[in-house]
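Here the structure comes first, spelled out in structure tokens, and everything after it is commentary.
The values are calculated or read from the model by the stated rules, or taken from the named source; none is laboratory data. What you see is a predicted model, and the numbers here were worked out from it, not measured in a lab. Cβ placement follows ideal geometry from the backbone for every residue including glycine, while neighbour counts extend to all protein chains displayed.
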Amino acid sequence: MALRRHRLAQRRKTVGHTQESLAEKLGVDRTTVVRWERAESEPQPWVRPRLADALGVSPNELSSFLADVGAAQTPRGGRLSAVLKNPRTVDLAAVAHLRQILARLTASYDASPSVAILPDASRLLGEVSLLRLHASGEAVRRALRDVEAAASILMGQLVWDASQRRNAQAALTYYAQAAHAATLNADAGAEAQARLRRSFIALYSEGDPKNGLIQAAEAAHLASHCGDHTLSAVALLHVGEANAMMGERSSCERALGQAEGHLGRMDGDGRSGPFASAGQLNRLAGSCYLLLGEPKRAQSLLEGVPASIQERRKSHAIVLGNLALARLRQRDLDGATETLHQVIDAIEETRGGGAVNVLSAAGRELRPWRDRPDVQEIMDRTLALMSS
């Protein structure tokens, strides 16, 4: 990972605990301790006194350990290190190593706070851009532009997510860089990815479903042109969502039907990889019917999202947030608050901006019941989350 709590890990070792033994003593999973030490999540308030006791430190000392986060550099292979010292020698072997680094960073996105990934992602994109400027030979330049497009898309998502979807302009700049690299390579699939990400900005940050529809429809067209059923399906799902935001039910359902057709034909080799699955249909169709004022139908779809999506914790938190809204709008307060606790748990680990926005929306709709103890507990946890 990009960040580490070195002092926290060192203190654990000093007092003789492995990650497994510390987890057992605290009654948590080993992966929870791993995430603490990787600065991917914060210990819950209830566990901090026990953690301080297990490490033999005061609460204040524990707080300083948790606040002391340092970079953990992604290892560079010998060939890549040599190439970075002499950029004119860049070759396809060095580009392959850059692809491996990008793959590791991309794989870490859904389980880690974006701010933890940003330093390594930024470093990678800077290195790719530098090498592209000095590369000789069109094959190497083309390969570097391919990595540049994907790394720029990742950077756009990271900066947008880390800002809780407020810093749209920085994200758009990265998406423009990705689109430029894709255009130079005549790569319709990569350009479709950049267009799709632009649609997210329009839909979820700018509140501009008309522009979001244009961008998502163009992404679907480009993806279809290069025969990528996976990416076509994802883009069409967002076409449907844009139409739902505008109250266009028939256009929304037509797009959902087209997406389902592409999902039925996808072979798993599309550019969007794990970004798309059959579960995406229920996830976004549920969002559509929530927007169209049909919370009961939305709930049935969202409850049908397969368990496999739970591994993508940022996406799963958004699903849970929309499910809570669907229950809330049917006056199922018990079900809504129970689900919102799960949303907050996920946000505390991943800091996903999309889920934060959904949680804020749910908080506003809960205000008429703020005198209820369970609702007040959600509001207190939300306030603590936003203040941390």
* Asked: How many residues, within the range 274-283, are at pLDDT below 85 and assigned to a helix (DSSP H, G or I)?
  -> 6
* Structure fact -> Among the residues of the range 185-235, the number that are more than 18 Å from G257 (Cα to Cα) and among the hydrophobic types (A, V, I, L, M, F, W, C) is 13
* To do: Only residues in the range 77-91 that are in the same structural domain as R141 (by TED's automatic domain parsing) and closer than 10 Å to L131 by Cα count as the first member; pair them with residues that are part of a helix (DSSP H, G or I) and at pLDDT below 90, Cβ under 8 angstrom, at least 6 apart or cross-chain, and list the lot.
  => T89/A82; T89/V83; V90/V83; D91/V83
* **Number of the condition not met by H134 [criteria: (1) surrounded by fewer than 19 Cβ atoms within 10 Å (Cβ to Cβ); (2) at pLDDT 95 or above; (3) not basic (K, R)]** => (2)
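Before we move on, is R165 touching a Gly at 6+ places or on another chain (Cβ under 7 Å) and closer than 30 Å to D208 by Cβ? First the steps, then the outcome.
Working: touching a Gly at 6+ places or on another chain (Cβ under 7 Å): yes; closer than 30 Å to D208 by Cβ: yes.
The answer is yes for R165.
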* **Scan of the range 345-388 for residues that are exposed (fewer than 15 other Cβ atoms within 10 Å of the Cβ) and hydroxyl-bearing (S, T, Y), ordered by number** => S360, S387, S388
* Asked: For the range 231-261, what are the residues that are surrounded by 24 or more Cβ atoms within 10 Å (Cβ to Cβ) and not hydrophobic (A, V, I, L, M, F, W, C)?
  -> S232, H238, G240, E241, N243
* helices (runs of 4 or more DSSP H) wholly inside the range 284-388 that include at least 2 residues being under 24 Å from V34 (Cα atoms) -> 313-328, 333-350, 353-366, 373-387
* To do: Specify which of the listed residues (R7, R38, R48) is over 25 Å from T106 (Cα atoms) and at pLDDT below 85.
  => R7
* To do: Could you grab me the full set of residues in the range 200-234 that are under 19 Å from the mean Cα position of the chain (by Cα) and acidic (D, E)?
  => E206
* Asked: Which one of R88, R104 is assigned to a helix (DSSP H, G or I), within 30 Å of A150 (Cβ to Cβ) and over 21 Å from the mean Cα position of the chain (by Cα)?
  -> R88
* Cβ pairs under 8 Å, 6+ apart, first in the range 32-57 and of a type in the set (F, W, Y), second surrounded by fewer than 18 Cβ atoms within 10 Å (Cβ to Cβ) -> W36/E42; W36/L66
* To do: Would you check which residues across the range 127-158 are among the small types (G, A, S) and over 27 Å from the mean Cα position of the chain (by Cα) and list them?
  => A135, S136, G137, A139
* Is the range 161-169 home to any residue that is surrounded by fewer than 21 Cβ atoms within 10 Å (Cβ to Cβ), more than 19 Å from the chain's Cα centre (by Cα) and of a type in the set (A, V, I, L, M, F, W, C)? -> no
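If the requirement is being farther than 18 Å from E294 by Cβ, modelled with pLDDT of 85 or more, surrounded by fewer than 19 Cβ atoms within 10 Å (Cβ to Cβ) and not acidic (D, E), which of these qualifies: Q342, Q330? Steps first, answer last, please.
Working: Q330 fails: farther than 18 Å from E294 by Cβ.
Just a single option satisfies the conditions, and that option is Q342.
Within the range 114-132, is even one residue small (G, A, S), outside any helix (DSSP H, G or I) and in contact (Cβ under 8 Å) with a residue 40 or more places away in the chain?
Of all residues in the range 114-132, those small (G, A, S) come to 114, 116, 121-122, 126, 129.
Checking the rest, the ones that are also outside any helix (DSSP H, G or I) come to none.
For the range 114-132, residues small (G, A, S), outside any helix (DSSP H, G or I) and in contact (Cβ under 8 Å) with a residue 40 or more places away in the chain: absent.
Give the number of residues within the range 194-210 that are in contact with a helix residue (DSSP H, G or I) (Cβ under 6 Å, 6 or more places away or on another chain) and either crowded, with 24+ Cβ neighbours inside 10 Å or in contact (Cβ under 8 Å) with a residue 12 or more places away in the chain (or both).
Pass one, the range 194-210, residues in contact with a helix residue (DSSP H, G or I) (Cβ under 6 Å, 6 or more places away or on another chain): 194-199, 201-203, 205, 208-209.
Now narrow it down to the ones that are either crowded, with 24+ Cβ neighbours inside 10 Å or in contact (Cβ under 8 Å) with a residue 12 or more places away in the chain (or both): 194-199, 201-203, 205, 209.
Number of matching residues: 11.
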* List, please: which pairs have Cβ atoms under 7 Å, are six or more places apart or on different chains, and start with a residue in the range 176-193 that is over 15 Å from L231 (Cβ atoms) and end with one that is among the acidic types (D, E) and crowded, with 24+ Cβ neighbours inside 10 Å? -> A181/E148; T183/E191
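Condition first: in contact (Cβ under 8 Å) with a residue 60 or more places away in the chain and aliphatic (A, V, I, L, M). Can you find one or more residues in the range 351-372 that meet it? Step through it out loud before you land on a result.
Here is the first cut: in the range 351-372, the ones in contact (Cβ under 8 Å) with a residue 60 or more places away in the chain are 351-354, 356-357.
Next cut, aliphatic (A, V, I, L, M) only: 356.
Yes, that holds for at least one residue.
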